[in-house]
Amino acid sequence: MELAKITSRGQTTIPKRIREAINLCEGDVIAFEVEGDHLLVRKLIAGQDEYLKGIGDSLNEWVSPEDEQAWRDL
């Protein structure tokens, strides 16, 4: 078991041993799920995650290079 504290802003650090165990790197996307009093954190892998596959087709409104440029600095 690894322990970490939550800051006043609700932030925490995922312990290095945990990050290494699942090859979690800077820029990776993680998902949070609540099951009862448990918090589940899992790494999302583009093209392999069932949830992302399920919503992927519905999120194609802004996919042009122009749209990407317009939203990049927000």
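What follows is calculated from the coordinates using simple rules that are stated; it is not laboratory data. None of the values given here were measured: they were computed from a predicted structure. Counting neighbours? That spans all protein chains shown, and the Cβs are built from the backbone with ideal geometry, glycine included.
With each label point set 7 Å from Cα along the Cα-Cβ vector, what nm distance links Glu33 and Ala21?
If labels sit at Glu33 and Ala21, their model points lie 1.8 nm apart.
Within 10 Å, count the other beta carbons around each residue, average over each peptide in 16-23, 4-11, and list them highest first.
Result, highest mean Cβ count within 10 Å first: 16-23, 4-11.
Label Trp71 and Leu44 with points 7 Å out from Cα along Cα→Cβ: what is the distance between them in nm?
Taking the simple label geometry, Trp71 and Leu44 are separated by 1.2 nm.
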